[in-house]
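Reading through the structure tokens given below for one structure.
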Amino acid sequence: MKVGLMGLPSSGKTTLFNLLTGQTADTTPFASGKKEINLGSVMVPDGRLDRLIELNQPKKITHTEISFVDLAGLPNSDDRKGIDDMIPHLRDADALTLVVRDFENASAPAALGKVNCVSELNTLKSDLMFADLNTAEKRLERLEREKRSGDKDKIREYEIFEKAKEMLENEQFLSEMKLDPHDEKLIVGYGLLTKKRYVVLHNFGEGRDEVPAELVKEAASMGAPLVSMNALLEHEVMEIPEEERAEYCESLGIAGDARDKFVRAAYDALNLISFFTAGPKEVRAWTVERGATAQRAAGKIHSDMERGFIRAEVIPFDVMSEFKTEKAVKEAGKMTLEGRSYIVNDGDVLVIRFSA
């Protein structure tokens, strides 16, 4: 699972990246035109996992993780080559975080320009749509020849890209296009940017903690969760010893949990849920797409479990938390036995029975 951090130069992407991953990536080199990226992983915070650890006291603990990719600041819209150089990194991400600046920078006010986070978001959206429009036009040129063979899939793909081109020219994201599973397979390999999932990050500075109503509206129009944080201040908080953080946050009047809220928002934006396996040997969080079956979830643990799936013993997290042990849950009749088509719920504690 990979989430790209995208924004205009000096919007605070690398500060956010450092906050998330605990790394110390230089926050200045991207402004000089360097093309390198920063990559790091972060554990997804989950209080349910903490509770299962408390109940089982396991020898091993495994969290769910998300990888974050910090990309160079998006070049000026006139620099098409610079933008095109970034496109492969954007297409490779499962979701994108659009970081918009809502703070002044006294050291480089001319370079950053007037603060307008709504305008920044619209600029990012325009560049994403332009990139997809370019892909659609190139693909249509090729399909114009290929569809003459009478191949039904080529003909259908041409129709899809014709519709995509029309939508993009009308400034619509392709996430609004409703396609059946077969049609989705025809275009999935192109990594269309406006079909991805998004999080909008309102990165504010001193005195700008109120989220502009227009930004809320724009994020909602994309179906994107909106997270607001002072990334620089939150990063300073993370550098303070843990036992002193609560007092420091209280003195500043902040909650100090914006980092965890953002990571959860990114996880949810990927349309993922967690299920758990728990025992004295290991407590582990596993990730599946929302709507996954028990058999598919078993495959996340091991391919042999998916092939030889017999049944899943299911305990909802709230039940496990209340009764504390698997034995107590069974005695209370709160465990259910489910077949391969059972849809896993977020927080289910599973025991998979299978034949080798």
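Take residues that are in contact with a Gly (Cβ under 9 Å, 6 or more places away or on another chain), assigned by TED's automatic domain parsing to the domain that holds residue 202 and touching a residue at least 24 places away in the same chain (Cβ under 8 Å) and tell me which of the helices (runs of 4 or more DSSP H) falling wholly in the range 226-269 contain 3 or more.
231-238
Which of (1) in a loop (DSSP other than H, G, I, E, B); (2) farther than 30 Å from residue 322 by Cβ; (3) modelled with pLDDT of 90 or more; (4) of a type outside the set (Gly, Ala, Ser) is the odd one out, the single condition residue 58 does not satisfy?
Result: residue 58 passes all but (2).
Is it the case that the range 32-43 has a residue that's at pLDDT 90 or above, of a type in the set (Val, Ile, Thr) and in the same structural domain as residue 114 (by TED's automatic domain parsing)?
Yes; the residues of the range 32-43 include at least one that is at pLDDT 90 or above, of a type in the set (Val, Ile, Thr) and in the same structural domain as residue 114 (by TED's automatic domain parsing).
Might you check whether a residue that is of a type outside the set (D, E, K, R) and over 18 Å from residue 64 (Cβ atoms) occurs anywhere in the range 259-273?
Of the residues in the range 259-273, the ones of a type outside the set (D, E, K, R) are 262-263, 265-267, 269-273.
Now restrict to residues that are over 18 Å from residue 64 (Cβ atoms): none.
Scanning the range 259-273 turns up no residue that is of a type outside the set (D, E, K, R) and over 18 Å from residue 64 (Cβ atoms).
Here is a check on your reading of the model: is residue 221 out of contact with any Pro (no Cβ under 9 Å at 6 or more places or on another chain) and closer than 29 Å to residue 101 by Cβ? Please lay out each step first, then the result.
Values: out of contact with any Pro (no Cβ under 9 Å at 6 or more places or on another chain): yes; closer than 29 Å to residue 101 by Cβ: yes.
So residue 221 fits the description; yes.
Which is without any contact (Cβ under 8 Å) to a residue 24 or more places away in the chain and either touching a strand residue (DSSP E or B) at 6+ places or on another chain (Cβ under 6 Å) or in a helix (DSSP H, G or I) (or both), of 313, 322?
322
Hey, any hits in the range 168-177 for a residue that's part of a helix (DSSP H, G or I), out of contact with any Asp or Glu (no Cβ under 7 Å at 6 or more places or on another chain), modelled with pLDDT under 95 and surrounded by 14 or more Cβ atoms within 10 Å (Cβ to Cβ)? Please lay out each step first, then the result.
If we filter the range 168-177 for residues that are part of a helix (DSSP H, G or I), which is where we start, we get 168-169, 174-176.
Imposing the further condition that a residue be out of contact with any Asp or Glu (no Cβ under 7 Å at 6 or more places or on another chain) reduces the set to 169, 175-176.
Okay, now just the ones that are also modelled with pLDDT under 95, so 175-176.
Then drop every residue that is not surrounded by 14 or more Cβ atoms within 10 Å (Cβ to Cβ), which leaves 175.
Looking through the range 168-177, at least one residue is part of a helix (DSSP H, G or I), out of contact with any Asp or Glu (no Cβ under 7 Å at 6 or more places or on another chain), modelled with pLDDT under 95 and surrounded by 14 or more Cβ atoms within 10 Å (Cβ to Cβ).
The values are calculated or read from the model by the stated rules, or taken from the named source; none is laboratory data. This one's a predicted model, so the numbers in the text were calculated from it and none came from an experiment. Here the Cβ is made from the backbone with ideal geometry for all residues, glycine too, and neighbour counts use every protein chain on show.
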